[in-house]
Amino acid sequence: MSSFGRLYRVHTYGESHCKSVGCIVDGVPPGLRLTEEDIQTQLSRRRPGQSDITTARSEFDSVHLQSGTEHGVTLGTPIGLLVHNKDQRPHDYAETDLYPRPSHADYTYLAKYGVKASSGGGRASARETIGRVAAGAIAEKYLKEAFGVEIVAFVASVGKVALPFAEEDDEVLGKEYVDLIKTVKREEVDKEITRCPHKATSTKMEEAIRAAKARDDSLGGSITCVIRNSPLGLGEPCFDKLEAVLGHAMLSIPSTKSFEIGSGLRGTTFPGSVHNDPFTQGEDGKLRTTTNWSGGVQGGISNGEDIYFRIGFKPPATIAQEQDTARYDGSSGTLAAKGRHDPCVVPRAVPIVETMAALVIMDMVLQQNARQAAAALLPPLTHLPPTMVLPGKATVDKVIHGESVGEVQGQKTGEE
């Protein structure tokens with residue numbers, strides 16, 4: 001489907017070569033100061049034609065606010081966002097009239113719908129992500145102003161070139177990588193053409209991308225994303241656990257192949273005595289963890305630590321290198337695809353990952369706030385045993401009533 005979210009709901013539209021792409025965003029709280037410039041920053045980071053290691057398609061992706069704001073303030077009504085497609089070249093795709101591109105969506109879209117867009121990738125094109133990025137930029141602004149949430153993504157690997165995830169075999173994750181997750185800023189990420197903030201690794205990545213481009217080939221890679229200052233208590237077990245919805249969001253991005261949170265698959269090779277995150281009391285009196293191999297999520301609920309995860313992207317399917325394959329009619333042939341395509345998508349996918357993360361956190365914040373607001377209308381409960389509330393919280397009234405999302409540290413429920 002083309003909609004995402006429950007209370008913060010986004011519906012995107014548009015194909016790669018239609019007149020425009022965009023979205024409708026429902027659930028934006030009223031009173032948020034919002035202009036087109038607030039949204040444009042992330043769209044400009046996503047747009048094609050940024051450098052000679054990305055697609056040569058030239059689009060400025062200027063966003064136009066159509067509804068839902070007045071005098072620079074959100075009204076609480078649906079916000080319409082539109083971006084015109086200007087640099088379409090449908091004739092570049094003449095060969096796909098005969099051939100489904102290997103590992104692309106041409107064949108599956110045609111098989112599913114019985115008809116497909118005649119040029120480009122249609123809804124499977126990365127042009128579709130413009131609506132997501134625009135909607136996510138609004139969510140980012142609200143989360144920053146309301147909670148101080150900071151979301152930063154960066155390229156972690158390209159082909160076989162990768163950041164030093166761990167220096168020693170007995171490390172769950174290496175100190176250099178963990179420090180990067182804790183401290184990296186967008187400004188540092190954007191200084192590098194590859195959007196990898198580790199200079200030595202970025203240089204090798206750039207060389208690998210240029211070499212693939214020279215061979216008319218492509219490379220995959222991965223992106224790490226961190227969400228800092230996330231409210232505590234986000235996530236809707238059992239089926240909408242925070243990591244499950246983040247995984248849903250990330251794997252809906254074109255070309256994604258994998259998602260892992262915290263220590264990920266590497267963490268599965270360590271015993272619990274090494275991998276567990278012990279608790280300690282923080283400076284604010286709340287429980288914190290001394291390590292964060294969980295990635296900020298436990299039991300499907302955010303625990304107040306940084307939320308971090310990594311997404312894998314496959315090599316772009318459309319390459320100019322000749323490939324022996326089959327035509328739609330089943331006959332054998334050779335395809336050398338034309339058009340303007342990224343030799344590696346991960347540098348431009350960074351803002352897509354950030355804004356999809358913002359969509360998830362925004363939706364979860366609204367759901368948790370709705371629950372707490374509803375509970376606050378009930379009479380206080382004063383008869384519960386100590387095992388049902390946190391130490392120092394004598395009543396449920398003190399835990400829930402009048403406190404914002406992120407203040408509640410949770411209650412002991414469920415099976416042990």
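The values are calculated or read from the model by the stated rules, or taken from the named source; none is laboratory data. Since the model is a prediction, treat every value here as computed from it, not as a measurement. Because the Cβ atoms are built from the backbone with ideal geometry, glycine has one as well, and the counts that use them run over all protein chains shown. SASA here: full protein model, heavy atoms, side chains in, ligands and nucleic acids out. Shrake-Rupley method; radii C 1.70, N 1.55, O 1.52, S 1.80 Å.
A few points about this structure:
- Test: residue in segment 195-204 that is farther than 20 Å from P343 by Cβ and β-branched (V, I, T): no
- In segment 286-296, of all residues being of a type in the set (V, I, T) and in a loop (DSSP other than H, G, I, E, B), the one that is surrounded by the most Cβ atoms within 10 Å (Cβ to Cβ) corresponds to T291.
For every residue, the table says whether it meets (1) at pLDDT 95 or above; (2) more than 30 Å from T268 (Cβ to Cβ); (3) not assigned by TED's automatic domain parsing to the domain that holds P343.
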site	(1), (2), (3)
A146	yes, yes, no
V152	yes, no, no
D169	no, no, no
L173	yes, no, no
Y177	yes, no, no
K191	yes, yes, no
P197	yes, no, no
S202	yes, no, no
M205	yes, no, no
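- Meets criteria (part of a strand (DSSP E or B), under 10 Å from T355 (Cα atoms) and open to solvent by less than 10 Å² (accessible area, probe 1.4 Å)) for A139: no
- Qualifying residue in segment 148-158 (condition: on the phi < 0 side of the Ramachandran plot, in a loop (DSSP other than H, G, I, E, B) and not hydroxyl-bearing (S, T, Y)): yes
- Among (1) at pLDDT 90 or above; (2) open to solvent by 60 Å² or more (accessible area, probe 1.4 Å), the one test that T35 misses: (2)
- Long-range neighbours under 7 Å by Cβ, at least six apart or interchain, first residue on the phi < 0 side of the Ramachandran plot within segment 63-88, second open to solvent by 60 Å² or more (accessible area, probe 1.4 Å) and part of a strand (DSSP E or B): V73/R33; P78/I24; P78/D26; G80/I24; L82/H64
- For segment 312-345, taking the residues that are among the acidic types (D, E) and farther than 30 Å from G264 by Cβ, the one that is farthest from the chain's Cα centre (by Cα) is identified as D329.
- Flag if G159 is open to solvent by 30 Å² or more (accessible area, probe 1.4 Å) and touching a Leu at 6+ places or on another chain (Cβ under 6 Å): yes
- Residue identified as in a strand (DSSP E or B) and open to solvent by less than 40 Å² (accessible area, probe 1.4 Å) among C23, C18: C23
- Failed criterion for V350 (all others in (1) modelled with pLDDT under 95; (2) crowded, with 24+ Cβ neighbours inside 10 Å; (3) of a type outside the set (D, E) hold): (1)
- Every residue from segment 332-389 that is assigned to a helix (DSSP H, G or I) and among the charged types (D, E, K, R): R348, E354, D363, R371
- Helices (runs of 4 or more DSSP H) lying entirely in segment 235-285 (those with 3 or more residues that are open to solvent by less than 30 Å² (accessible area, probe 1.4 Å)): 242-251
- Taken over segment 214-254, the residue count meeting the criterion of being hydrophobic (A, V, I, L, M, F, W, C) and either touching a Ser or Thr at 6+ places or on another chain (Cβ under 9 Å) or on the phi > 0 side of the Ramachandran plot (or both) is 8.
- Scanning segment 286-332 for residues that are modelled with pLDDT under 95 and in contact with a Lys or Arg (Cβ under 8 Å, 6 or more places away or on another chain) returns A317, T318, A320, Q321.
- In segment 173-207, the residues that are among the hydrophobic types (A, V, I, L, M, F, W, C) and in a helix (DSSP H, G or I): V178, L180, I181, V189, A200, M205
- Filter pass, A214 being in contact with a helix residue (DSSP H, G or I) (Cβ under 8 Å, 6 or more places away or on another chain) and either closer than 30 Å to I301 by Cα or open to solvent by 50 Å² or more (accessible area, probe 1.4 Å) (or both): no
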